[in-house]
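So the structure is just underneath, and the comments pick up after that.
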Amino acid sequence: MGDKRMLIMPAEVVKKIDDNRGDMSQAEFIDFLIDGQLKEEVQEQQYATKEEVYSFEQDIKKLLRSFLDFFVSYGLELGKQSPKTEFEEMSSKLEELENHLAPEGKGPEGKGKEAKIKWK
């Protein structure tokens with residue numbers, strides 16, 4: 001590169017070059033960028049086949065099922081009750097409380113019943 005020429009560029013581009021060139025001169029950095037863009041390396045792109053995608057999907061489903069089985073068995077071993085059981089327990093306690101608080105002679109559906117709860 002014995003012959004030199006002047007290249008007029010916007011100030012923003014020169015600032016980007018200076019910010020990113022490191023130890024290279026401006027000319028070396030521009031030459032490096034141009035070489036990188038003009039290299040004709042053909043990179044072979046690999047795509048997944050339909051069968052591979054389907055196999056991957058099945059493997060993910062198996063993995064999710066095993067996670068679900070693990071967490072269900074883990075919950076059972078800890079003795080944690082299912083939310084449905086907890087809900088049924090709570091509703092039966094509320095029904096008992098309602099029957100207990102109902103005025104005598106009137107069922108749980110009787111009108112005029114009133115429950116007062118004092119909070120301390």
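Annotations
- From most to least packed by mean Cβ count within 10 Å, the peptides 25-36, 61-72 give 25-36, 61-72.
- Note on residue 53 and residue 9: the extension gain reaches 11.0 nm, defined as 0.36 nm multiplied by sequence separation minus the Cα-Cα distance.
Values in this text are rule-based calculations from the coordinates and carry no lab data. Bear in mind that the values here come from a model prediction, so they are computed numbers and not experimental data. FYI the Cβ positions are ideal-geometry reconstructions off the backbone, even for glycines, and counts take in every protein chain you see.
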